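Asker: Before I ask anything, let me first share the structure, which is written out below as structure tokens.
Since every read-out is calculated from the coordinates, none of them should be taken as a lab result. Predicted model only: the values in this text are computed from it and were never measured. All Cβ positions, glycine included, derive from the backbone under ideal geometry; neighbour counts span all protein chains shown.
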Amino acid sequence: MLDKIDKRDRATLFRTRLTQAMAQAGTNQTALAREAGVERSTISQLLKDQGARLPNAQLVGACAEVLGVSTDWLLGLSEHPESAADLLATSMEMTEAPRALIDETIFRWHLEAEGYKIRHVPATMPDMLKTRAMLEWEYGPHLGKTAEQAINASSDRLDLMRDSRSDYEIALPLHEIDSFASGTGYYDGLPVQTRRAQLDQLIALSDSLYPGLRLYLFDARRLYSAPLTLFGPRLAVLYLGQTYLAFRDAERISAFTAHFDHLVKEASITARQLPDHLSDLRKRLG
């Protein structure tokens, strides 16, 4: 929060920032006056006046628009010279999301978050925890030869998880695991032997990687979450299907983090309970 300053100091700050903005924009009084639609003497008076008076809002807004800064910054109400639209643009980006996690962007985000907790709500079961047979069944029809890339990327991600100083928390809808085990819905047609092997791998990983990996199951009838990943305090990414929507501003990251933590707090199956739940599902498959 900015400290409260008196009118004379604010007027001085306005003149200082107006001069600074003109210098950065490479303009002079004549050009600024022409673009702002005022007389040159008006701009000259703004810069020379040593009193406590500030110009009217229309004039401040016109100068700010010409110079590409915000009116709040000129008036000392903000420390950011960028406009609100510019700040939003730099705090959010849209990135192409391939069908499989084979792009360098995802891997780079994981590396950037080294040492931080990574929170993840996957669209289906996490690729990094899937068996080779599961990945071939899921990505083969869509990706063809590039399915091998998806498999390698998944293996890289699992190796990164094993070697990383980061903690991984994954929250998954309870019905996703149940649907997988029964081979229904999205997993219709998945061979039973593939499901058995996948459950065996999930049981082994949830045990061997704990507490570095903690997987929670939440009841989607009570809670909902879009697919998202939080890369520590630096980045929050929403998965929109063909696009990742990435946020880097602290306020949104904090809100997404609170949402994820609520999923964990209200989980029907905790990370400690997960191996037993998976074992029960495995027994049903024989």
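Asker: With θ taken as phi - 60° and the coefficients 6.51, -1.76 and 1.60, list the Karplus ³J(HN,Hα) couplings across segment 255-264 in order, rounded to whole Hz; mark glycine and proline as x.
Answerer: In residue order, the calculated couplings are 5, 5, 5, 4, 4, 5, 4, 5, 4, 5 Hz.
Asker: In addition: So what's the net charge close to M22: Lys and Arg +1, Asp and Glu -1, counting the other residues with Cβ under 14 Å from its Cβ?
Answerer: +3
Asker: In addition: Against the globular-protein guess of 2.2 N^0.38 Å, express the Cα radius of gyration of segment 186-259 as a ratio, rounded to two decimals.
Answerer: Relative to the 2.2 N^0.38 Å estimate, segment 186-259 comes out at 1.42.
Asker: Rounded to two decimals, what is the ratio between the C-alpha radius of gyration of segment 7-82 and 2.2 N^0.38 Å?
Answerer: Values: Rg = 11.0 Å, N = 76, 2.2 N^0.38 = 11.4 Å.
Working it through for segment 7-82, the quotient is 0.97.
Asker: Taking neighbour counts of Cβ atoms within 10 Å as a proxy for exposure, in what order, fewest first, do K130, K48, K117 appear? It would help to have the intermediate numbers written out before the result.
Answerer: Values: K130 24, K48 8, K117 16.
Ascending Cβ contact count within 10 Å gives the list K48, K117, K130.
Asker: Separate question: In whole Hz, what ³J(HN,Hα) sequence does segment 196-204 give by Karplus (6.51, -1.76, 1.60; θ = phi - 60°), x for Gly and Pro?
Answerer: The phi angles translate into 4, 4, 5, 5, 4, 5, 4, 4, 5 Hz.
Asker: Follow-up question, since we're still on this one. For Q198, what is the net charge nearby, where nearby means another residue's Cβ is under 11 Å from its Cβ and Lys, Arg count +1, Asp, Glu -1?
Answerer: After counting each charged neighbour, the total is +3.
Asker: Between beta-carbons, use under 15 Å as the cut-off and find the net charge around P275, counting Lys and Arg +1, Asp and Glu -1.
Answerer: Combined, the nearby Lys, Arg, Asp and Glu give 0.
Asker: If amide hydrogens are placed 1.01 Å from N in the peptide plane, which non-local residues have theirs closer than 5 Å to the one on Y168?
Answerer: When sequence neighbours closer than 5 places are left aside, the close amide H contacts are I118, L213, R214.
Asker: Another question, then. With 10 angstrom as the radius, rank D167, D188, D207 by how many other C-beta atoms surround their C-beta, starting from the fewest.
Answerer: Working: D167 16, D188 9, D207 12.
The order, fewest Cβ neighbours first, is D188, D207, D167.
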